[in-house]
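Single-structure report; data block below.
The values are calculated or read from the model by the stated rules, or taken from the named source; none is laboratory data. Values in this document were obtained by computation on a predicted structure and should not be read as measured data. We place every Cβ from the backbone using ideal geometry, glycine too, and count neighbours over all the protein chains shown. Accessible surface areas use protein heavy atoms only, side chains included; no ligands, DNA or RNA. Shrake-Rupley method; radii C 1.70, N 1.55, O 1.52, S 1.80 Å.
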Amino acid sequence: MTDTSTLIRLEDVEKIYQMGDVTASALAGASLSIYPKEFVAIMGPSGSGKSTLMNMVGCLDTPTGGKIFLEQQDISKLGESRLAQLRGQKIGFVFQQFNLIGTLTALENVALPMLFQSVSQHERRRRAAELLELVDLSERLHHRPSELSGGQQQRVALARALANDPEVILADEPTGNLDSKTEEAIMALFQKLNKDGTTIIIVTHEKTVARHAQRIIHIQDGVIVGA
Amino acid sequence: MWKEYGHVAARNVRQRRLRSWLTIIGIVIGMAAVVALISLGGGLRTAISAQFGSIGADKITITPKGPGFGPPGSFSTTKLTKDDLRIVRQVNGVDLAIGRVLSPVQVTDGEKSLFTFAVSVPADRESKKLVMDSLNMKIDRGRMVGKGDRLNVVVGHTVAEEEFSDPLQVRQTITLQNTTVRVVGILKPTGNFQIDDSIIILEEPMRDFLSINEREYDVIVAQILEGVEPSNVRDRIARELRNERNVEVGEESFEVSSPEQTIASLNNILLVVNAVVVGIAAISLLVGGIGVMNTMYTAVLQRTREIGVMKAVGGTRSQIITLFLLESAILGAAGGVIGVVLGVGLSQGAVIAGQAATGSALLQASISLPLLLGAMVFASFIGIVSGIWPARQAARQDPVDALRYE
Ligand SMILES: Nc1ncnc2c1ncn2[C@@H]1O[C@H](COP(=O)(O)OP(=O)(O)OP(=O)(O)O)[C@@H](O)[C@H]1O
Ligand SMILES: [Mg+2]
């Protein structure tokens, strides 16, 4: 349990929602470890707590019980602005709904996380263009999300997730809105990134997606049932 | 960094073009009113003091109070007389008093004939100076009329420059009624369009040429001794004249006024007008501010998901507040810029309209850089203040909820 080589470690993490008199437990004592450069898939039935788990790991949400270590630092009790900084510096998110900002171009969307880290404009544009090249979108730098296909939007989102060179990429059903051919292309990209040394945690229902991972973690009713 | 935030904020403002325009209307109207008012108000005060400043507060004017309105000498019933002048001269505190005659007169330069006013001046040097000072008369070209100038006249600036097809020249002859006289001087613009449109002539020849009763005056002007309170002298003159005519207070057929009184009442009117316009402007700015607040709050709701994304990629509360505040500041500043332009346009329009209506450049707009900059800063300030609440609302969103928002 004092393994210093873990990137992310959860100890009996609980998330209990209070709704009036009723309590709902999204996570009921989940423990797991993720190591650097791993490619992990999290699988489980709907409502089992996958998204909740991802939000905890991604510093978007705080647990009601237990501890979460990111690079040996306990983040379960950190304040809002410290969490925001950690998200910006160490985490890259990829969402099922892509979640690009509609008024910004592909380049500006990718540059946005760097804006919040006070990276100079010159460096932001350079790196954003480089990342869009990496996801094979150098022809679409100045397109708005509405002018891109679903697969292209998700590649922009991937490039954005990489913007601040994060420790880990968290992807919650990244191919949920894509057809199977596009899914393959996106998964190939994840694999390539992983090969280049990026830690990836992916939530999915699809076996076709999970088979790209080195390890599959199963979750049910808020507890890890198999890793 | 600010430039980049500004860029993102400006992008959002431009994105909802129509709504942004509608949002800033209140601020535009408010700022336009403020700018027009302040520039014209300053101009009006400048004009008023220019009009009266040279006269000084040490002169008292007595005019007949007629039943009708109109320029002195036209419709008044009870004229002032040489007896009145004698009484005024005897009043304690009066240094010097003179009478003036005004009359419509037909003037021709041989080609064109028109009606204007003849204004008398006394012949002796000291009295003449009193008249010239009280009417702000200054010689532009030639000289003033003086003792012995029976057939010589001075013409006002408008008469000389605008009334005839060829401007009148010094040494040129013109005809007053049936008498040919020579122009020996031309006045500078006085700021009083009636004087600018007058012929200035010595009192005695004027009475002869225009067959004016030699006992009657249209205006009496009194110079007060130094160190005496003008209002006291004004009251004494009024009392003496009432005694002479045997009338009670309130029944007078004459009016005694000092310039300070006139300036004070004009300034009072200005103050009231200012207060009304400032009130309207304040309401309109308030409504404008609420409009910005409403728009920003709607934007926060509409962009809830976007706020979630910004938080997910590392945006802190203060960074998100900054972005939204910049957006509302841009709205305020845009309203300010357009309002200032409109306000300057309005005041220039008023100047032109005033010029067309009165024929003189009496009303001037005084537009200063501090006023314009101040207006824009103030408008941006309104935008920022109106944006504080929505921006905080945005920054306080829970990222997980915001990302799930449909
Ligand atoms: N804000 C909330 N308030 C109350 N209950 C919640 C809240 N968020 C999640 N839950 C509950 O927590 C449980 C886990 O939710 P979560 O979104 O993590 O599931 P999931 O595994 O991601 O499901 P899916 O595969 O459908 O996305 C669910 O039962 C859900 O109803
Ligand atoms: Mg989920």
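Return the residues of the stretch A:55-67 that are away from chain B (no Cβ under 14 Å) and within 15 Å of ligand 1 (Cβ to nearest atom); say none if nothing qualifies. Residue satisfying the conditions is A:Gly65 alone. Annotation: B:Ala47 fulfils all but one of (1) farther than 30 Å from B:Ile280 by Cα; (2) at pLDDT below 80; the unmet one is (1).
Condition first: open to solvent by 20 Å² or more (accessible area, probe 1.4 Å) and more than 20 Å from the chain's Cα centre (by Cα). Can you find one or more residues in the stretch A:186-195 that meet it? No, because not a single residue in the stretch A:186-195 is open to solvent by 20 Å² or more (accessible area, probe 1.4 Å) and more than 20 Å from the chain's Cα centre (by Cα). Listed by first and then second residue, the pairs with beta-carbon distance under 8 Å, at least 6 apart or on different chains, first residue in the stretch B:1-12 and facing chain A (nearest Cβ under 7 Å) and assigned to a helix (DSSP H, G or I), second of a type in the set (Gly, Ala, Ser) and open to solvent by less than 30 Å² (accessible area, probe 1.4 Å), are B:Asn12/B:Ala299. The condition of being of a type in the set (Gly, Ala, Ser), under 30 Å from B:Phe193 (Cβ atoms) and away from chain A (no Cβ under 14 Å) holds for only one of B:Gly354, B:Gly335, that being B:Gly354. Considered as a group, the residues in the stretch A:163-209 that are among the acidic types (Asp, Glu) and at positive phi include one that is nearest to ligand 2 (Cβ to nearest atom), and that residue is A:Glu173. If I filter the stretch B:266-280 for residues that are open to solvent by less than 60 Å² (accessible area, probe 1.4 Å), closer than 30 Å to B:Gly387 by Cα and at pLDDT 85 or above, do I get at least one hit? Within the stretch B:266-280, one or more residues are open to solvent by less than 60 Å² (accessible area, probe 1.4 Å), closer than 30 Å to B:Gly387 by Cα and at pLDDT 85 or above. Taking the criterion of being within 14 Å of ligand 1 (Cβ to nearest atom) and touching a Gly at 6+ places or on another chain (Cβ under 6 Å), the only residue of the stretch A:154-172 that qualifies is A:Leu170.
Restricting attention to the stretch A:125-153, the residues being touching a residue at least 40 places away in the same chain (Cβ under 8 Å) and either within 14 Å of another protein chain (Cβ to nearest Cβ) or of a type in the set (Val, Ile, Thr) (or both) number 5. Residues that are under 13 Å from A:Leu170 (Cβ atoms) and more than 8 Å from chain B (Cβ to nearest Cβ) were ranked within the stretch A:93-102; the one that is most open to solvent (accessible area, probe 1.4 Å) is A:Gln96.
Of A:Thr105, A:Thr52, all but one fail to be within 12 Å of chain B (Cβ to nearest Cβ), open to solvent by 10 Å² or more (accessible area, probe 1.4 Å) and within 17 Å of the chain's Cα centre (by Cα); the exception is A:Thr52.
The residue list B:Gly354, B:Gly332, B:Gly336 contains one member that is in contact with a Leu (Cβ under 8 Å, 6 or more places away or on another chain) and part of a helix (DSSP H, G or I), which is B:Gly354. Residues in the stretch A:15-61 that are in contact with a Pro (Cβ under 6 Å, 6 or more places away or on another chain) and farther than 22 Å from A:Gln89 by Cα: A:Lys15 alone. The set of residues in the stretch A:115-124 being touching an Asp or Glu at 6+ places or on another chain (Cβ under 9 Å) and more than 9 Å from chain B (Cβ to nearest Cβ) is empty. Counting only residues that are closer than 12 Å to B:Ala123 by Cα and at pLDDT 90 or above, the stretch B:136-146 holds 2 of them. Checking each residue of the stretch B:318-326 against the condition of being part of a loop (DSSP other than H, G, I, E, B) and within 14 Å of another protein chain (Cβ to nearest Cβ) gives no match. Scanning the stretch B:196-235 for residues that are touching a residue at least 40 places away in the same chain (Cβ under 8 Å) and among the small types (Gly, Ala, Ser) turns up B:Ser198, B:Ala222. Of all residues in the stretch A:35-48, which are open to solvent by 10 Å² or more (accessible area, probe 1.4 Å) and either near ligand 1 (Cβ under 9 Å from one of its atoms) or at negative phi (or both)? Matches in the stretch A:35-48: A:Tyr35, A:Pro36, A:Glu38, A:Met43, A:Gly44, A:Pro45, A:Ser46, A:Gly47.
Residue check: is A:Ser81 assigned to a helix (DSSP H, G or I), open to solvent by 50 Å² or more (accessible area, probe 1.4 Å) and away from ligand 1 (no atom under 12 Å from the Cβ)? The answer is yes for A:Ser81. Give the residue that is most open to solvent (accessible area, probe 1.4 Å), with candidates limited to residues of the stretch A:14-34 that are more than 16 Å from ligand 2 (Cβ to nearest atom) and under 19 Å from the mean Cα position of the chain (by Cα). Checked the stretch A:14-34; the qualifying residue most open to solvent (accessible area, probe 1.4 Å) is A:Ser31.
Of all positions in the stretch A:26-39, none carries a residue that is among the charged types (D, E, K, R) and farther than 16 Å from A:Ile202 by Cα.
Within the stretch B:92-122, being open to solvent by 10 Å² or more (accessible area, probe 1.4 Å), within 18 Å of B:Glu255 (Cβ to Cβ) and either more than 32 Å from the chain's Cα centre (by Cα) or of a type outside the set (D, E, K, R) (or both) holds for B:Val94, B:Leu102. Take the conditions (1) more than 16 Å from ligand 1 (Cβ to nearest atom); (2) part of a helix (DSSP H, G or I); (3) closer than 21 Å to A:Met187 by Cα; A:Arg87 misses just one of them, which is (3). For the stretch A:66-76, the set of residues classified as part of a strand (DSSP E or B), under 21 Å from A:Ile169 (Cβ atoms) and either open to solvent by 30 Å² or more (accessible area, probe 1.4 Å) or within 15 Å of ligand 2 (Cβ to nearest atom) (or both) consists of A:Phe69, A:Gln73, listed by residue number. Are any residues in the stretch A:108-138 part of a loop (DSSP other than H, G, I, E, B), open to solvent by 10 Å² or more (accessible area, probe 1.4 Å) and not polar (S, T, N, Q), and if so, which ones? Matches in the stretch A:108-138: A:Val119, A:Asp136.
Taken as a whole, the condition of being more than 16 Å from ligand 2 (Cβ to nearest atom), open to solvent by 80 Å² or more (accessible area, probe 1.4 Å) and under 29 Å from the mean Cα position of the chain (by Cα) does not apply to B:Leu363.
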